[in-house]
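Please read the structure below before turning to the comments.
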Amino acid sequence: MTSHYDHAQVQEFWQYVWERDDVYELPDDATDPTYVLGMFPYTSGTLHMGHVRNYAITDAYARYRRMCGDDVLHPMGWDAFGLPAENAAYERASDPESWTQACIRRMREELETLGFGYDWSREITTCEPDYYRWNQWLFTRLYEAGLVEYEAATVNWCPDCETVLADAQVEEREGERSEPSDQVNGDAVNREDERVCWRCETPVGRRELDQWFFTITDYAEELHQGLADLEGWPEGVREIQRNWIGRQEGARITFEVSETGVDTVDVFSTRPETIYGATYLAVSPGHDLARELAETDDAVADYVETARAHDPDEIGFTGVETDATAVHPLTGEELPVYVAGYVLEDVGTGAVMGVPAHNERDHAFASEQDLPIERVIQPTDAPVDVDPSDEPYVGEGILEASGEYDGLESETARERLLAESGAIDADVTYRLRDWLISRQRYWGTPIPVVHCEDCGPVVVPDEDLPVELPEFVRTTGNPLAEHESFRHTECPDCGGPARRETDTMDTFVDSSWYFLRFLSPDLTDAPFDSDLANDWLPIDVYVGGDEHAILHLLYIRFFTRALADLDLLEVREPVQDLVSQGTVLYDGEKMSASKGNVVDPLEYGAETTRLFVLSAAHPEQDFEWTANNVRGAYDLQQTLYGMATDFVDEGETRLDTTAHDEYVRREIDRTIAAVTEEYERFRFHRAATEIRELARLLRRYRAYDTPQDECYRRGLLTLAALISPMAPHLGEELWNKLRGDGLVVEADWPEPESDVTDYATERRFVETALSDVRDIVDVAAIDEPERIDLVVAPEWKYRVVDLAVDSASDDSSTSESLVDRTRSAGVDAPDDEALEAFVGDLEQRRTRRGIERPLGAEDERRILERASWLIVDEFDTDVVIRRAETGDELGEKARPGKPAIRIH
């Protein structure tokens, strides 16, 4: 029998056993199972290391909770729609469905090889009609609830993907400086920062198209407020969502406008107290006023047309003055009205009052257009002599040139203006825009709408769902638009000729509710079982990258709330605890096929890869993939396997019990407590360290003396159980060799046999004592010590420390007051000098790093007795452990938690 562990030789057998026994299938009668979910993968063809890390985290935690006695829901499915599959099929002269199904087969085989424990009976695939039928059904319910809009909009357009992109699918990238020919109304276009497609990195343009939207903005306030309750989410993710929602408190100010059919224009401002510094009104190129003025003013029309074709960053601070004027609501002064590219249609009201002296963007525009810049706020501490035409002052201060509000502080003036002016009302705005779901591509869920000349847009009746995708047509544009038999249909309302909607849904619709379909994947009369959802949600643990903080995580929060308002759910937040996994790096860069730094997940063996990605770092941290560190994961497996094999083959043991057996038993208990805590907190890297340390101790224990049979066997079984969530094939193999009951995957999680409340304190105590012995031996250069004495401090010192801990919250305590309390408590110190010296030292240590309640004197003696074999083993000498005695010179040097040491 070999002591070399070969994962490949055992994985097929154990996977067969797990499947035979249905160990991962959730029982039908489960009540509120622990729901552990990793963000399901896009079917890109093969797994990458990011997938492995994500699913290793969820699998380890799911296995741990199952061993703790939980019913566990741990499913897997496929995010199967999307443009990349369409492009890949096009390049291979294939079709998206064939390519996608081939990818799923490969990826599922890889997941199974890695030993991930999924309930495959719940597998879902979003490109199958049985799934996307419910996308269409949910679209209809949202449409009926007024949460769907169809309107013309200026949208982001990727010319390479030939599709519309939502704002969250556009990324910023440093571009090139403008060429002299890049002009908008004579002004240079700034191309230093480009907006690019998140998938292909092609520069994004602008188009005006009729598009479908989910009105996620209806939930902006609730989505913002709900973040405060997501205590199990990383703060970084919550902050990303706060910024994206962009809630701002301020004021809505109404300006009357002349020379137009638009009587008034509302602007939003977070600084209404600066209103006396307004020198112009500006509206976005998409504002209703701009559209009306463009009908009669060629200059405005030309500017609006040009602005729509460019990104706002390219337009910069260009603009065009109109014939309209606005009336200042407080002074009655007429202000010029501009159409300006820097004013965004979908931010605030799409209009701003220009206060160039106190706003950087307004200042830049006013400087460009040669508009007045009038200061109305001075800093509170001291006036400034800086010319406002040079730079704006954007801080709080004292008002000037502001009529009756002169001399007021900004905040006071703001409050009075809101209370006194009929043209100024408190308001809240959001950066969040409605979710654009239209995509001009084939491989997605068909939007269940037909367009009738008489009836307008009409949703397809439920009984006609799903609207299935027709056979794929190869074309450079939208294949559905080229598919005549698909496009031409009848109106469900009037029966007349109609045109079927040829846009498909954003694939983030698929993933916005997929976690609900896992609960009841075979349900045929509803998208999910509402009763189960109400019992089983929220997801207990959800794992994925924080790059999904906006695109995915915000959408599932919106969908859950919308479904609750449709009476399909009771919960309003879908996820309780979120783990944002870090990135696996190679040579300092994220692994990427384009960079040629990808490591095949199976190159080093499935078990080694799993164990390494879990033990390398905290799940939320990035880490570097190095062959040397991978070796550490491999060596741990070999060590554990070798220990079990050697014990089974030739393990001599004894039955009697000694003090050092008790130490090992306690250390097994302490390791169980520590590893349990680390699994609960997803700190698998620390759990692996604890397992390594216990293995090292057990090997040392066996080398020191013939091990006690029950103690050593329990230690090895504990190692098998503790490692099994991270390395399941190894755990089963060890458990089987050691004749553990049943399968380790179904075994009870180990529990300490003794009280381990103070296990961390006990460990530190032993480690400190051992370290102190080593330091003395090294400093004194003692080659062969004859005897080592460790003396535990006298009892009175423990009582003093207990009093100090009890009084720690009393800020008025001093060393003398502690001395007084000690005397009052009847502590039997040898003399006043010794007491005052010890209390003074104690107070200094408390000031530097604090103090904690110590173990008892007798507890420390027993612990040292049990651990003394470690010193004997290391230094090959006699060790004496004793309590301090009266008049004991060495004992008086000891203190609680730090025994006195003498080396002979």
_Just to check your reading of the model, which residue among VAL675, VAL630 is in contact with a Phe, Trp or Tyr (Cβ under 6 Å, 6 or more places away or on another chain) and of a type in the set (Val, Ile, Thr)?_
VAL630
*Can you name the condition, by its number, that ASP266 falls short on among (1) surrounded by 18 or more Cβ atoms within 10 Å (Cβ to Cβ); (2) in a strand (DSSP E or B)?*
(1)
*Sort through VAL839, VAL880 and tell me the only one that's within 21 Å of VAL791 (Cα to Cα), touching a strand residue (DSSP E or B) at 6+ places or on another chain (Cβ under 8 Å) and either among the basic types (Lys, Arg) or at pLDDT 85 or above (or both).*
VAL880
*Can you tell me which residues in the stretch 185-205 are modelled with pLDDT of 80 or more, within 12 Å of GLU314 (Cβ to Cβ) and of a type in the set (D, E, K, R)?*
ARG195
*Output the qualifying pairs, or none if there are none: Cβ atoms under 6 angstrom, residues six or more apart or on different chains, first residue in the stretch 398-423 and touching a residue at least 24 places away in the same chain (Cβ under 8 Å) and assigned by TED's automatic domain parsing to the domain that holds THR274, second residue of a type in the set (Gly, Ala, Ser) and surrounded by fewer than 15 Cβ atoms within 10 Å (Cβ to Cβ).*
LEU418/ALA426
*Do the conditions hold for ALA326, that is, is it assigned by TED's automatic domain parsing to the domain that holds TYR405 and at pLDDT 95 or above?*
yes
*Checking GLU501 against (1) within 22 Å of VAL148 (Cα to Cα); (2) at pLDDT below 95, which test does it fail?*
(2)
*Within the stretch 857-869, can you find the residues that are surrounded by 14 or more Cβ atoms within 10 Å (Cβ to Cβ) and either acidic (Asp, Glu) or over 43 Å from the mean Cα position of the chain (by Cα) (or both)?*
ALA857, ASP859, GLU860, ARG861, ARG862, LEU864, GLU865, ARG866, SER868, TRP869
*Does any residue of the stretch 502-509 turn out to be over 19 Å from TYR55 (Cα atoms) and surrounded by fewer than 18 Cβ atoms within 10 Å (Cβ to Cβ)?*
no
*For the stretch 826-842, does any single residue satisfy the condition of being farther than 25 Å from ASP755 by Cβ, free of Cβ contacts under 8 Å to residues at least 60 places away in the same chain, of a type in the set (Asp, Glu) and surrounded by 14 or more Cβ atoms within 10 Å (Cβ to Cβ)?*
yes
*Working only within the stretch 618-644, note down all residues that are polar (S, T, N, Q), assigned to a helix (DSSP H, G or I) and in contact (Cβ under 8 Å) with a residue 24 or more places away in the chain.*
GLN637, GLN638, THR639
*Any chance LEU553 is under 28 Å from GLN440 (Cα atoms), aliphatic (A, V, I, L, M), within 20 Å of the chain's Cα centre (by Cα) and surrounded by 22 or more Cβ atoms within 10 Å (Cβ to Cβ)*: yes
*Filter result for the condition that a residue is modelled with pLDDT of 95 or more and of a type in the set (D, E, K, R), over ASP346, ASP302, ASP311*: ASP302
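Results for (1) outside any loop (DSSP other than H, G, I, E, B); (2) over 20 Å from GLU678 (Cβ atoms); (3) modelled with pLDDT under 90, shown as yes or no for each residue.
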site: TRP749; (1), (2), (3): no, no, no
site: THR757; (1), (2), (3): no, no, yes
site: THR768; (1), (2), (3): yes, yes, no
site: VAL779; (1), (2), (3): yes, yes, no
site: ASP783; (1), (2), (3): no, yes, yes
site: ILE788; (1), (2), (3): yes, yes, no
site: VAL805; (1), (2), (3): yes, yes, yes
_Pairs needed: first member in the stretch 645-661, closer than 23 Å to ARG866 by Cα; second member anywhere, loosely packed, with under 14 Cβ neighbours inside 10 Å and of a type outside the set (Asp, Glu); C-beta distance under 9 Å; at least 6 residues apart or different chains._
GLU652/THR706; THR653/THR706; ARG654/THR706
_Suppose we keep only residues that are within 18 Å of GLU144 (Cβ to Cβ) and of a type in the set (A, V, I, L, M) within the stretch 454-485. Which one would you say is surrounded by the fewest Cβ atoms within 10 Å (Cβ to Cβ)?_
VAL458
*With respect to ARG92, determine if the residue is out of contact with any Leu (no Cβ under 7 Å at 6 or more places or on another chain) and without any contact (Cβ under 8 Å) to a residue 24 or more places away in the chain.*
yes
*Hey, any hits in the stretch 111-121 for a residue that's within 13 Å of THR43 (Cβ to Cβ) and in a helix (DSSP H, G or I)?*
yes
*Specify which of the listed residues (GLU468, GLU374, GLU368) is under 30 Å from ALA251 (Cβ atoms), in contact (Cβ under 8 Å) with a residue 12 or more places away in the chain and in a loop (DSSP other than H, G, I, E, B).*
GLU374
*Looking for whichever is within 23 Å of GLU256 (Cβ to Cβ), without any contact (Cβ under 8 Å) to a residue 60 or more places away in the chain and surrounded by 19 or more Cβ atoms within 10 Å (Cβ to Cβ) here; the options are VAL304, VAL355, VAL320, VAL283. Which one fits?*
VAL304
*Looking only at residues in the stretch 1-41 that are in a helix (DSSP H, G or I) and charged (D, E, K, R), which one is nearest to ALA727 (Cα to Cα)?*
GLU12
*Give the residues of the stretch 602-611 that are within 12 Å of VAL630 (Cβ to Cβ) and either small (Gly, Ala, Ser) or in a loop (DSSP other than H, G, I, E, B) (or both), sorted by residue number.*
GLU603, TYR604, GLY605
*Across the stretch 377-397, which residue is surrounded by the most Cβ atoms within 10 Å (Cβ to Cβ) among those that are touching a residue at least 12 places away in the same chain (Cβ under 8 Å) and under 26 Å from GLY316 (Cα atoms)?*
PRO392
_Just to be sure I understand, how many residues within the stretch 393-410 are in a helix (DSSP H, G or I) and among the hydroxyl-bearing types (Ser, Thr, Tyr)?_
2
*Could you list, in sequence order, all residues of the stretch 153-173 that are in a strand (DSSP E or B) and touching a Gly at 6+ places or on another chain (Cβ under 9 Å)?*
ALA153, THR154, ASN156, TRP157, CYS158
*Taking the residues in the stretch 635-675 that are touching a Cys at 6+ places or on another chain (Cβ under 6 Å) and not basic (Lys, Arg) as candidates, determine which candidate is nearest to THR608 (Cα to Cα).*
VAL664
*Filter the stretch 411-434 for residues that are surrounded by 18 or more Cβ atoms within 10 Å (Cβ to Cβ), among the hydrophobic types (A, V, I, L, M, F, W, C) and not in a helix (DSSP H, G or I) and give the result.*
ALA423, ILE424, LEU432
_Subset of the stretch 591-619 (residues that are among the hydrophobic types (A, V, I, L, M, F, W, C) and within 16 Å of THR46 (Cα to Cα))_ = MET591, ALA593, VAL598, VAL599, LEU602, ALA606
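The values are calculated or read from the model by the stated rules, or taken from the named source; none is laboratory data. Only a predicted model underlies this, so the values are computations on that prediction, with no experimental measurement involved. Here the Cβ is made from the backbone with ideal geometry for all residues, glycine too, and neighbour counts use every protein chain on show.
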